[in-house]
Each structure stands twice: as C-alpha cells, then as structure tokens.
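Data first, discussion second: the structure below is written as structure tokens.
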Amino acid sequence: MNCNAASSHHNTAEQSQRRLTDRLIIPTATQQRELHDIQNRVSHLFEEGLVKLWNDKREREMYENFAELYAIIKATEKLEKAYVRDIVTSSEYENECHKLIAHFKTLASTLKDTVPSIERFADTYKMDCPAALNRLVTSGVPATVEHRAAASASTTTSAAIVAECVQHFITAMDSLKLNMVAVDQVHPLLSDLLGSLNKLTILPPDFEGRTKMRDWISRLSKMGAADELTEQQARQLHFDLESSYNSFMAALPNAGT
C-alpha cells in the first residue's frame, strides 16, 4: 500500500466519523461494516510497517517504558485525590502508594538518561498531575508517613522545650535562694524562662506563668542593672516562680498519668 492509499483510507475514516457525529444516531448495519473495514485497514497499516512508533526493539522498549511511567504518574494522581477525599483508608492508601513509589523509582532509574526530568516528561505529554509529582519526585514517601514523621518531630520538640522550661524554672528559683538578687542577674534568667514558655504551644493561651514573668520582666526593666530586689520582692518572685512551676507541670498533657 502506498502513501496515497494510506491517505485515502485516512480520509475515508474521517468522513465516516463525521457522518456519525452529524447524525447523532446509532450506526446502521452498513455503517458498522464500514467502520469495521476501516479498523481492518488501519491495522493493516501497522502490520505492513507503514505506520510505526519505533524502528527497532530498543525504541519499542523505550516507548513501553514511557507508557508505564505515564500510567504510574496518572495512577498516583488518582490515589492522592482518593486519599484526600477519604475514598480509601489510610492503610489502603499507604500500601498502594508504597508500590507506586517503588515502581516509579525503579523505572526512573532505568530511564534516567532518556528522561532526565520527570517534570519535563509530564509537561511534554500534557499531564496535569501536581499531586503525583509532589509525591513521587519531591516527597518520595506516602502522605501518611510524612504525617507520622511530623507528629513525631513535634512531640520530640515539645519534650525538649518542656525540659528547657523546667531547667529555667529551677535555675531561677535556686539563684534567688543563693541571694543572687541584682537586676542584671535576675533579668536574664526570667527572660530565658519566658522565651521557652512562649515556644511551648501545648500550654493554654492564658497560662498564668507567662503573665507573671512578663510582669516581673517589665518591673525589672525599669530598674538599674546594679539595683537589687528587696527581701520582700525576692520572696514574692520566688513564690511566683514556684506557683508558676506547679501550674506549668499541671498544665502539661497527661500530667496526671
């Protein structure tokens, strides 16, 4: 079959499809036979090598890998949307996502010379899959794993800040017991304590310890560096620190368990 014949068959296909579209009716028996004949002719073009996607086995394998990569990206996008909409459970999502990520990494490694940029591949083939690209390329782990890691990091950070607050409370109270009552000795200790309390998000917004430390810092800021607290002031500050420390410990989650 020559190129003119192939072009003629292509025009015949377009004409047949146009007639069907214009009529908007179910194809008649004649039209069905006509379509069947067109399908046979198109198949013949491929079989005879007149229409080819590849020239050799290597190119064929490359295009098959492209198709597989395309399918993985599309599947991941659908999975991400299904998870966000609660269509799949967290367990189902994580299992399937792990599989897709594993397949993707293997295929991306195989195609690293042919497809150096997955983003460019997606753009070339008009793939609107931002969630998939984020999961496969940027993150590399399921969203559920990211969430657990974030929660764990948050817990670890909070525990460190709690320990920091306890240390500042005790240091400030011990300093007063040692008669370190000069403004330039007390002010830094209270500032460090307030800074740690402000970093701890698990405390209630109206935690009294914050308010008392702010009041004391404000009072000390109006005094000279060499000024000293009176015995009554030192006693009151120690009392406020101790009561704030007890309130702090009681305010911590699971403090009673």
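A few notes on this one:
- Pair list, Cβ < 6 Å and 6+ apart or interchain, from region 196-207 residues that are acidic (D, E) to residues that are open to solvent by less than 100 Å² (accessible area, probe 1.4 Å): none
- If you go through region 64-86 and pick out every residue that is loosely packed, with under 12 Cβ neighbours inside 10 Å and hydroxyl-bearing (S, T, Y), you end up with 0.
- Candidate set from region 174-195 (those that are open to solvent by less than 60 Å² (accessible area, probe 1.4 Å) and polar (S, T, N, Q)); member that is farthest from the chain's Cα centre (by Cα): S175
- So I87, is it on the phi < 0 side of the Ramachandran plot and within 24 Å of the chain's Cα centre (by Cα): yes
- Residues in region 120-136 that are farther than 13 Å from A75 by Cα and open to solvent by 60 Å² or more (accessible area, probe 1.4 Å): 6 in all.
- Meets criteria (at pLDDT below 90, open to solvent by 70 Å² or more (accessible area, probe 1.4 Å), under 36 Å from the mean Cα position of the chain (by Cα) and not hydrophobic (A, V, I, L, M, F, W, C)) for T156: yes
Residue-wise test of (1) in a helix (DSSP H, G or I); (2) open to solvent by less than 70 Å² (accessible area, probe 1.4 Å); (3) in contact with a Phe, Trp or Tyr (Cβ under 6 Å, 6 or more places away or on another chain); (4) over 17 Å from A159 (Cα atoms).
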{"position": "L197", "(1), (2), (3), (4)": "yes, yes, no, no"}
{"position": "P205", "(1), (2), (3), (4)": "no, no, no, yes"}
{"position": "R210", "(1), (2), (3), (4)": "yes, yes, no, yes"}
{"position": "A234", "(1), (2), (3), (4)": "yes, yes, no, yes"}
{"position": "H238", "(1), (2), (3), (4)": "yes, yes, no, yes"}
{"position": "Y245", "(1), (2), (3), (4)": "yes, yes, yes, no"}
{"position": "F248", "(1), (2), (3), (4)": "yes, yes, no, no"}
{"position": "P253", "(1), (2), (3), (4)": "no, no, no, no"}
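- For region 109-139, the set of residues classified as within 25 Å of E59 (Cβ to Cβ), among the small types (G, A, S) and in contact (Cβ under 8 Å) with a residue 40 or more places away in the chain consists of A122 only.
- Filter pass, T171 being hydroxyl-bearing (S, T, Y) and open to solvent by 40 Å² or more (accessible area, probe 1.4 Å): yes
- Among the residues making up region 109-119, those that are more than 13 Å from A132 (Cα to Cα) and buried (at least 17 other Cβ atoms within 10 Å of the Cβ) are L111, V115.
The values are calculated or read from the model by the stated rules, or taken from the named source; none is laboratory data. None of these values were measured; they are calculated from a predicted model. FYI the Cβ positions are ideal-geometry reconstructions off the backbone, even for glycines, and counts take in every protein chain you see. Areas reflect the complete protein model, heavy atoms only, side chains present, ligands, DNA and RNA absent. Shrake-Rupley method; radii C 1.70, N 1.55, O 1.52, S 1.80 Å.
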